[in-house]
Amino acid sequence: MPYGARCKPAGLRLALGEPLSQATSQETLILTLTNISGAGCDLQGYPGLSLVDRAGVALPFTVRWGGTQMLTTSAPALVPLAPGATAYFGITKWACVGHWRGVAHTFEVIPPNDYYPLSLTTARYPAVGYCPPGDPGHTVNVTPVEPGLRSVLNGHLTGASR
């Protein structure tokens, strides 16, 4: 049942989801948004995404909102989040054909229908290699938020239990 109030960034925690076994030369990551507030709220739509290198520079990937052969291509749906509940979304890109031109270790995510980012920095894994324009790995695909991991994966990847 919807709560009628959108989830605000201050009430959400961004984290990495469980690692996945890759079925193609795509690099796929699951990210989660957990409601850490004391009230229920709603998410619906695509999160904004920026991938940032260690120097704090946003790498100029092309971001495409929509799934791929590996992640859901479903339209955004309302995801009610009770206190402590988690929503999921996926990002995927092809491995670089050429050489990396940078590496992103920070994920800046703007929850759907908001303007303020949440940030998650990783020590080593996952590192997302920046591929220059023209390389298939230059585009990062982002799914809408979903109520469960299985909804994001659309049954394509192994290792998903939820």
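For the reader, a short list of remarks on this structure follows.
So that you can scan it fast, the table gives a plain yes or no per residue for (1) at pLDDT 95 or above; (2) crowded, with 23+ Cβ neighbours inside 10 Å; (3) out of contact with any Phe, Trp or Tyr (no Cβ under 8 Å at 6 or more places or on another chain); (4) hydroxyl-bearing (Ser, Thr, Tyr):
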{"position": "Val97", "(1), (2), (3), (4)": "no, no, yes, no"}
{"position": "Asp114", "(1), (2), (3), (4)": "no, no, yes, no"}
{"position": "Tyr125", "(1), (2), (3), (4)": "no, no, yes, yes"}
{"position": "Gly134", "(1), (2), (3), (4)": "no, no, yes, no"}
{"position": "Val145", "(1), (2), (3), (4)": "yes, yes, no, no"}
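- Leu43 being within 17 Å of Gly137 (Cβ to Cβ), hydrophobic (A, V, I, L, M, F, W, C) and surrounded by 19 or more Cβ atoms within 10 Å (Cβ to Cβ): no
Here's the yes/no breakdown for (1) part of a loop (DSSP other than H, G, I, E, B); (2) in contact (Cβ under 8 Å) with a residue 12 or more places away in the chain; (3) surrounded by fewer than 21 Cβ atoms within 10 Å (Cβ to Cβ); (4) charged (D, E, K, R):
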site	(1), (2), (3), (4)
Ser50	no, yes, yes, no
Ala55	yes, no, yes, no
Ala75	yes, yes, yes, no
Pro83	yes, yes, yes, no
Thr92	no, yes, no, no
Gly137	no, yes, no, no
Val140	no, yes, no, no
Ser151	no, yes, no, no
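- Per-region count, segment 18-55, residues under 19 Å from Gly66 (Cα atoms) and either touching a helix residue (DSSP H, G or I) at 6+ places or on another chain (Cβ under 7 Å) or at pLDDT 90 or above (or both): 14
The values are calculated or read from the model by the stated rules, or taken from the named source; none is laboratory data. Fair warning: this is a prediction, and the values are worked out from it, not measured in the lab. FYI the Cβ positions are ideal-geometry reconstructions off the backbone, even for glycines, and counts take in every protein chain you see.
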